[in-house]
Each structure stands twice: as structure tokens, then as C-alpha cells.
Protein chains: 4
Amino acid sequence: MEKRNATVAVIGAGDFIGAEIAKRFAREGFAVFAGRRNGEKLEPLVKEVEAFGGTIFGRSLDARKEEEVAAFLKDADKHAPLEVCIFNVGANVNFPILETTDRVFRKVWEMACWAGFLAGREAARLMLPRGRGNIFFTGATASLRGGSGYAAFASAKFGLRAVAQAMARELGPKNIHVAHLIIDAGVDTAWVRQRREQIWGKEALDNPDLLMPPASVADAYWQLYQQPRSAWTFEMEIRPFGEKW
Amino acid sequence: MEKRNATVAVIGAGDFIGAEIAKRFAREGFAVFAGRRNGEKLEPLVKEVEAFGGTIFGRSLDARKEEEVAAFLKDADKHAPLEVCIFNVGANVNFPILETTDRVFRKVWEMACWAGFLAGREAARLMLPRGRGNIFFTGATASLRGGSGYAAFASAKFGLRAVAQAMARELGPKNIHVAHLIIDAGVDTAWVRQRREQIWGKEALDNPDLLMPPASVADAYWQLYQQPRSAWTFEMEIRPFGEKW
Amino acid sequence: MEKRNATVAVIGAGDFIGAEIAKRFAREGFAVFAGRRNGEKLEPLVKEVEAFGGTIFGRSLDARKEEEVAAFLKDADKHAPLEVCIFNVGANVNFPILETTDRVFRKVWEMACWAGFLAGREAARLMLPRGRGNIFFTGATASLRGGSGYAAFASAKFGLRAVAQAMARELGPKNIHVAHLIIDAGVDTAWVRQRREQIWGKEALDNPDLLMPPASVADAYWQLYQQPRSAWTFEMEIRPFGEKW
Amino acid sequence: MEKRNATVAVIGAGDFIGAEIAKRFAREGFAVFAGRRNGEKLEPLVKEVEAFGGTIFGRSLDARKEEEVAAFLKDADKHAPLEVCIFNVGANVNFPILETTDRVFRKVWEMACWAGFLAGREAARLMLPRGRGNIFFTGATASLRGGSGYAAFASAKFGLRAVAQAMARELGPKNIHVAHLIIDAGVDTAWVRQRREQIWGKEALDNPDLLMPPASVADAYWQLYQQPRSAWTFEMEIRPFGEKW
């Protein structure tokens, strides 16, 4: 593995998508800065990456706090120029409108939209002077569709998509690639498997073609990163071949 | 004018669109509850409506406060059954991403999205037991497009649209008409005229066909209200005939 | 009923939507020119309209033939200025891609897209010199979504929508209102009832809230016609309150 | 270069995008079947590919003729299993609606939509029995937007997109990847350069960041081809970093 003089920041480095993104970019020689609420949970990921010779730094990070986000990204940028910032915080919930409390609505927005705005803006602050960089956001079906019960989640995801669009239009001509990846499927995580089983029974897990492996999401981000600036994608949706849409 | 035993609540009853909506429904015999930040500014509207024999109540209302919104709507509903709730709070700003402060981003969201969620939810709470009602939201070009500099505004408007969609899908089958009206144009207000003059010079105001009269927005809401439930519109966009799009 | 010196042309005046549009505008005092493949089938409609004192002319019309369309509209315009032209030809079919024959694909396109282009263009030809007019197109769910098995139908409906958009952008500033009405539901026709029964059984017809009465579509067109030019809608979707979407 | 036992068919193998796609896949070891109206014009491409050791067959092909398309693809499939079929026929024209003749409207549709339907269906016919394959369609800004003057072109491109969607939904679960690539920019071709110069003057060509190199489109197709079936993209839009959108 040839090391690069560049860092990738993963904000929302959970056990599934976030971890796979971290591994993917670490294997390509990037130094990875991985942040999640409880940094201690990053230990297995750090060990795995270091085991194959990759460079990774795990940090506790409340992505809703401006100063923490700014400090996290500055740190990454001090280690080596911040080449890619990926915002991957999720907050999928479903409640009937009357049961969607103020607290839930606000918290989901803070995690899935507000934190994304902070991450994008602070990454841009570091990248603009250098005139290069990549800022990617993880979207979902709910980025495009406000389904019944999804007032809180879809509102936050719609809002995040708008942030991404506005940034892409402003920063693209300044050589910063802003992209929004829409995962139009359930991702294969413990939580999704459990939920599907609750709703549809065990059979729902029989068809492996309907759940997206987290590593495939990482592949999609890698593709976005490799695009030449003469042909950047702003929005790309991915789904497993068996998915109905 | 035949009075109806029904109220219309206008949240965000500003001098232009909000005021015209209030007059339109008052003329049709509804009791109107008009709320805006500074209730004193509602005096001219109240006088105008009362002058033609309409019923109107002007209230100071911080639409970002759950209890205030709930109390305002309950009050309206006590006067007569709440038939229509129209959310019309705006917060159009444009800043480069690096100058979009936390304060601005959060405030715009609280005014244009969060307050809309509160209004919609509290209206639904009153309407659901009766099994009828109408909840309308004012959208804008920025509800569909995150233009450069519009990270804050578009994020809030996208988010509001998601709230409206989720509510429409949940509440439609329960006989509550939720709609989202997209005004894809500048509305003819003092502020818009001033801004256009600043940006493009006096000539920008020469073409009257490019600015939408606030009364036309009120007409559109009236059309939405009149639709039979066998053919409801969720989303309708309006623009002046001379507008480029 | 006060007669107006204006005609409305309905191209695709079938027994359901087309007939209701004809009756609606006839009741408002317009002279109606109704065209359909087999003009003899228009007899009951003509009788019904004449019975209430309306003015209507029924004609055999192959909407896929340029000269027939041009002659039909010229005729209408000679009677009185052509104020509204509504294109309402449908051609809903569903076939797996391998069973979608050349003949089907071409015929569906000729009926649902090509004929719409002819109608729109020839109406514009008559309206432009007068600097006023209205051209409306009937769309469907398939105007926005290419569902499995709908390659032929959705392709034609997508294409019709593009024609409508291009015309709206060109003709709007010339005071001609071009609109596209999306009916996102099954319309209550003999054919739809029969198909639903075949697919889902008799129960599928038990819920009257899921089928749209043709008269409601006519209402929607009437709303579009009444909009002031300061606030025109290009696209409006309608669906029954019980519909899932 | 390692040769693969697989063919790629390029329908609409023009001098720019089509030729670059052919070269890209030939370099990856595929046998390429390149078809265009006048097959003689393929000579330089064939020579270039053969010079670097690639396998390519150039054919005259009227993509609007069912039998020709079927024969072309069968031929490719006989040489080696048809792995990828790319439909790349364009027909960009702009006319005011009244000057959009029947002939133009029909011809543009036959080239850009009808031919795409034939290509997709015939490719599917060969791929379905094998349970694998890739069918890609080239889209444009006009696939999503019916701009003024684009009734013919946008109608055809909208229609092609619907075909692609319907096929993707039907064939995806059968392991055939159907994708629609939207090129939201001018591609750097002789014709586009000439048109831009006519409209905006020589300066319009000064900014190289606004024209997309045909090779970048080929790269995008290669990315789509490499996606794992657990995370397929149906629609991906690409544009140069300097493009306004």
C-alpha cells in the first residue's frame, strides 16, 4: 500500500457504512480520521485498519457541535491535507405525526441535517484556500420522498440534500466536488435486519438481494472520488438489483 | 356575506401574502385567526376586514414556540371548528456557505421548517377527531432547488416540503387535505421590489408580469380549498405568465 | 346560461373524462367541439348537452392525422375564437418488454404523444395571432414514472409532458396558458372497474374513495382555466383522498 | 490486454462519445460491435482500436429498423456473449413550436426514443436467457427538462428515459443492469463548438471547463459497468465542474 499525503474524514463512522468507508480509503493509502459519538466504539475498526497497515485515527465527536466538528476537521487537515470529507450520520425514525415530539423532530434534524451543514461548511473552509477537495453526503430514500410517518426523518434528509445542492453549485466551479449519494434500500446492518424481522417476519431476511452490503456503499463513494472533474456526478442513487422501486 | 361556522388560521400573516389570504377567506365568511410575530402590525388588516364585515382576530404569535402555536390554534378552534390552517412563514436569505453562520442556519430552519411542523401537527391534532380539515403550506422555488447561496433557506424549505408530504400521505386517507403550494416567482412585496432594484436596477421593476400579486396566491389557496376530496392536489406550483423557468 | 363567444376543443372526447370536460365547459357557456375516433359515439353526449341548452359539435377525428387535427381546430375557431384546447387521448397498456411489439409501441406513442404534439401546435397556431388561449394536456402517473411493463405507455406520457413543458416555456410569455394535469389514480370508468376486478377481485371496487370521478377531472381543468395569468400553474397533480402514493 | 469472452455493442457509434466508449471497452478486452448509420465512417475508429490490439467490428446500422438492430445484436452475441449494450444515438434540434414540422418531430423520436426501445428490447431478448447483462442509455439535460424550442428533442429524450426506467424495474431483479446516464452539459464535439461560437461568439470556447470530453462519458459508463449488483445505479448525471445548473 502506497501512503498518500492526504486525509479522509468520516463523520458518523458507525459500525457498518462508516466503517467500510474508512477501510476502503485506508486501503487506498489515505490517512483516515473517523469520528463518532462514542469514540471508544471505534477500537475494533482502528485495530482492523492498523492490522492491514492503514493509517487511522478514531475520535469521539458530537457532530452537532460546531467547535467539535471544526476541531476534528482541522486536526485531520493538520495531519495531511483534507482531501475528502464524508458525512454519514443517520437518524432513521418513524412516528405518526401526532407522536412526533418536538424533541424527536429537533434531534433528528440536528443529527441528520444540521450536523451535515456544519461538516460541509467546515470542510469547505479548509478546502477552499487550496482550491481542491471532495465533500460527500449520505442520502436515503427519504431524501426524495416524505413517506407516511417520516415527517422528522425525511424533513432532515430533504434538508441535507438542499445543503448539498447549494454547496455543489457554489463550490463546484471552485474545484470542490460535492456529491449526494442516495441509498435507496435497506443497508445490511444488525438494526435493519432486526426491524425487518419484526415487521415482516423471518422470511424477510431470506432474500439477500434486498439488503445492501455496507462495503458496496463504500465502493460507490470510491467511484465518486475517482471521477474526473470534467464529469462530476452530483447525485447518484444505488440500490440492490432485487429492490422494488 | 354569509358567515360560516368555521375558522381559518393563518400563521405568518405578513403584510402581503398572509394578509391577502386572510381577506380572501374572511370575504368567504370564515372567521380568520391571523398570527404574526408582532401582533400590533395586524391592526390595518383587522380594520380592513372588519370594514367589509368580516370576522378576524389578530394575535402576536411566535410560531417557533410549541405552546404558543398550540394555544393559538386551540383558540381558533374554540371560536368555531378549525377548517383550514395555512402556514406562511418565510425567511428568505442568501449567503455564501462560509458566511452562513450557525445562527442564521438554525433561525431560518426554526422559522421556515420547524414552525411549519408545529403548525401542521397541532392543526392535525384538532382536525383528526373531527375527521376533516385542510392544512396548507407555502413553498417556494427553493423548495425544489438548492441554489448557490441558499444552503440555509433551501434546506428549511426542502424540509418543510417533506413534512407536508409525510402529513399528506398519513392524513389524506383520514379526510384531511394537506397541500404544498410552490410560488415559483418573486411576490410583489416592498422587500422584493427593493432587492430587485438593488441587484438589477430600476428597469427590473418595469415588467409587471414578473412579480406575483399577493392576492393571486390567496386565489390559489382558495382553489385548493375548493377541490373535492375525490381529486385533491398535493402540490401545485404557480408563476406569473412572463416568468422564465 | 350566458353564451360566450368562445370555443373549447376537446380532442379525445371519450365517454368519461372527455365527456365531463365537454359538459363542464358547455354549462359555462362555451361552444364545445368534441372529437373522437368514432364520432357517432358522441351522440348521447351531444344530446345531453343540447338538452340543458349548451352548444356542442361532435366530430369524427383521428387525432394522429395532422390535417384532420388542423381542420377540426380551424373549424372550432371559425365558429368562435378558440379559447381552450384540451388534449385527452389515452392509451394505457401494460406488456413485459419482450412482448411490447413495434406495433404497440408506435401506436401508443402516436395516440398519446404525437397526437398531443399536433393538437398543441395547431392550437398554438390559431391562438398566437390573437395573443391569448389555453392548451391543456391530460397526464397520468405514468407521466412521471416508468413502471415495470409500461415502456410503451410511460414513454408516450413522458414524451407528452416534455411537449407540454416546452410549449409552456415558449408560449407562456405570449399569454397562452399551457398546463399539464396529472391524474395520479384510476379514473372511474367501465374499463378501469373491469380491470381492477380482474386483478384484485370484486373487493377492489368496494372502496369508492380510490377511483376518481371523471367530473372531478373536469373540475380541475375548470380551475386551471380560471387562474389569473399572474399565477398560472403548469403542472398540477390530483388524486382521490384515499389513494396511496 | 487480456481478451474477454464478451461483446459490447455500441449503437450510435459517432465520432465522439460513441468512439470513446468503443475504445474504452476494447482496451478492457471486450470485443466491440460498433454500429452507425454510415459504417464507412467507422474506419478510423476500427484502425485505432486494432492498432492497440483491440477487437472491433464496425457496421452500417439504421437503428430505427427493427430487423437491422436485431441482426446487429445477434451478430455480436454470436461472436461472444453480449455483455453490454449501449444506446447512444442523439438528435439534438431546437425549433419554435410552430416550426417544428411533423417530419422533424417524428424523425427525432425515431432516432432518439424508438431506436432506443428497439435496442433495449433486442438486447434484453439475448440477455434474459443467460440471466445477466447491462443495457445503458445516454440521456441529456433534455431528458429531465423540456426547454423552450425543445418539444421534439425533449419529448424523445423523456420518452427514452421512461423506456429505461420501465426496463430497469422489470429486468433488474433478473440480474440485468439497466442504467440511464444524464450528460448535463455540452460535450466537446466539433458540432457543439461550432454552435456555441455561433450563439455566443469565440469567447464561449475560452473556458475549457464547460465542455465535457467524450472520454469522460466513456469513463462514466465504465463506472456503471463495474458496479456490484448489490448497489446498482439506475440514473447518474455528470457535468463538468464549471457548469452552471
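The values are calculated or read from the model by the stated rules, or taken from the named source; none is laboratory data. Keep in mind that what you see is a predicted model, and the values were worked out from it rather than measured. Counting neighbours? That spans all protein chains shown, and the Cβs are built from the backbone with ideal geometry, glycine included. The protein model used for the area step is the full one, side chains on, heavy atoms only, and it has no ligands, DNA or RNA in it. Shrake-Rupley method; radii C 1.70, N 1.55, O 1.52, S 1.80 Å.
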Exercise for the section: Determine, yes or no, whether D:GLU68 is assigned to a helix (DSSP H, G or I), open to solvent by 10 Å² or more (accessible area, probe 1.4 Å), farther than 19 Å from D:MET236 by Cα and in contact with a Lys or Arg (Cβ under 6 Å, 6 or more places away or on another chain). Expected result: no
Practice task
Tell me which of these D:ASP219 doesn't satisfy, since it passes every other one: (1) open to solvent by less than 30 Å² (accessible area, probe 1.4 Å); (2) touching a residue at least 40 places away in the same chain (Cβ under 8 Å).
Solution key: (1)
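Do the conditions hold for B:GLU50, that is, is it under 29 Å from B:LYS107 (Cβ atoms), of a type outside the set (A, V, I, L, M, F, W, C) and in a helix (DSSP H, G or I)? Please lay out each step first, then the result.
Values: under 29 Å from B:LYS107 (Cβ atoms): no; of a type outside the set (A, V, I, L, M, F, W, C): yes; in a helix (DSSP H, G or I): yes.
Judged against the criteria, B:GLU50 is not a match.
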Exercise for the section: Out of D:ALA124, D:ALA151, report the one residue that is farther than 22 Å from D:ALA34 by Cα, open to solvent by less than 10 Å² (accessible area, probe 1.4 Å) and facing another protein chain (nearest Cβ under 9 Å). Expected result: D:ALA151
Problem - Enumeration of residues in region C:3-33 that are within 11 Å of the chain's Cα centre (by Cα) and closer than 18 Å to C:HIS79 by Cα - result: C:ALA9, C:VAL10, C:ILE11, C:ALA22
Fill in the blank from the handout: (1) within 18 Å of B:GLU20 (Cα to Cα); (2) surrounded by fewer than 23 Cβ atoms within 10 Å (Cβ to Cβ); (3) more than 7 Å from every other protein chain (Cβ to nearest Cβ); (4) in contact with a helix residue (DSSP H, G or I) (Cβ under 7 Å, 6 or more places away or on another chain) all hold for B:PRO213 apart from (3)
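Based on this model, can you work out whether B:ALA13 counts as assigned to a loop (DSSP other than H, G, I, E, B), of a type in the set (A, V, I, L, M, F, W, C), open to solvent by less than 10 Å² (accessible area, probe 1.4 Å) and touching a residue at least 12 places away in the same chain (Cβ under 8 Å)?
Values: assigned to a loop (DSSP other than H, G, I, E, B): yes; of a type in the set (A, V, I, L, M, F, W, C): yes; open to solvent by less than 10 Å² (accessible area, probe 1.4 Å): yes; touching a residue at least 12 places away in the same chain (Cβ under 8 Å): yes.
Criteria met by B:ALA13.
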Problem - Members of region A:92-119 found to be under 17 Å from A:ASP62 (Cα atoms) and without any contact (Cβ under 8 Å) to a residue 40 or more places away in the chain, listed by number - result: A:ARG106, A:LYS107
Exercise for the section: Determine if region C:165-175 includes at least one residue that is of a type in the set (D, E, K, R), over 26 Å from D:VAL163 (Cα atoms), crowded, with 20+ Cβ neighbours inside 10 Å and within 9 Å of chain D (Cβ to nearest Cβ). Expected result: yes
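Give me the residue from region C:107-132 that is over 15 Å from D:ASP102 (Cβ atoms) and among the basic types (Lys, Arg) and, out of that set, farthest from the chain's Cα centre (by Cα).
Filtering region C:107-132 down to residues over 15 Å from D:ASP102 (Cβ atoms) leaves C:107-108, C:111-112, C:123, C:126-132.
So of that shortlist, the ones also among the basic types (Lys, Arg) come out as C:107, C:130, C:132.
On the way: C:LYS107: 17, C:ARG130: 23, C:ARG132: 20 Å.
Once the filter is applied, the top-ranked residue is C:ARG130.
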Practice task
Kindly establish whether A:ILE21 is under 13 Å from A:VAL217 (Cβ atoms), aliphatic (A, V, I, L, M), buried (at least 24 other Cβ atoms within 10 Å of the Cβ) and touching a residue at least 60 places away in the same chain (Cβ under 8 Å).
Solution key: yes
Problem - Answer from C:GLU203, C:GLU197, C:GLU235, C:GLU243 - the residue that is of a type in the set (D, E, K, R), open to solvent by less than 50 Å² (accessible area, probe 1.4 Å) and over 21 Å from the mean Cα position of the chain (by Cα) - result: C:GLU243
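Filter region C:220-239 for residues that are at the interface with chain B (Cβ under 7 Å from one of its Cβ atoms) and out of contact with any strand residue (DSSP E or B) (no Cβ under 9 Å at 6 or more places or on another chain) and give the result.
C:PRO228
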Exercise for the section: Read through the list (1) within 14 Å of chain B (Cβ to nearest Cβ); (2) crowded, with 23+ Cβ neighbours inside 10 Å, then give the number of the only condition that A:ALA91 fails. Expected result: (2)
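Please verify whether C:PHE158 is closer than 21 Å to D:LYS107 by Cα, more than 7 Å from every other protein chain (Cβ to nearest Cβ) and over 14 Å from the mean Cα position of the chain (by Cα), treating the condition exactly as stated. Reasoning before the result, please.
On the way: closer than 21 Å to D:LYS107 by Cα: yes; more than 7 Å from every other protein chain (Cβ to nearest Cβ): no; over 14 Å from the mean Cα position of the chain (by Cα): yes.
Considered against the rule, which asks whether it is closer than 21 Å to D:LYS107 by Cα, more than 7 Å from every other protein chain (Cβ to nearest Cβ) and over 14 Å from the mean Cα position of the chain (by Cα), C:PHE158 comes out as no.
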Handout entry: Residues of region B:94-111 classified as part of a helix (DSSP H, G or I) and either more than 10 Å from chain A (Cβ to nearest Cβ) or β-branched (Val, Ile, Thr) (or both), total
Key = 6
Completion exercise
Residues in region C:24-43 that are within 20 Å of C:SER216 (Cα to Cα), open to solvent by less than 90 Å² (accessible area, probe 1.4 Å) and free of Cβ contacts under 8 Å to residues at least 40 places away in the same chain total 4
Problem - Qualifying residues in region B:187-210 (those that are acidic (Asp, Glu) and free of Cβ contacts under 8 Å to residues at least 12 places away in the same chain) - the one nearest to the other protein chains (Cβ to nearest Cβ) - result: B:ASP206
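Suppose the filter is crowded, with 18+ Cβ neighbours inside 10 Å, of a type in the set (S, T, N, Q) and farther than 21 Å from B:GLN223 by Cβ; does B:THR55 pass it?
Values: crowded, with 18+ Cβ neighbours inside 10 Å: yes; of a type in the set (S, T, N, Q): yes; farther than 21 Å from B:GLN223 by Cβ: yes.
Spelling it out, B:THR55 is indeed crowded, with 18+ Cβ neighbours inside 10 Å, of a type in the set (S, T, N, Q) and farther than 21 Å from B:GLN223 by Cβ.
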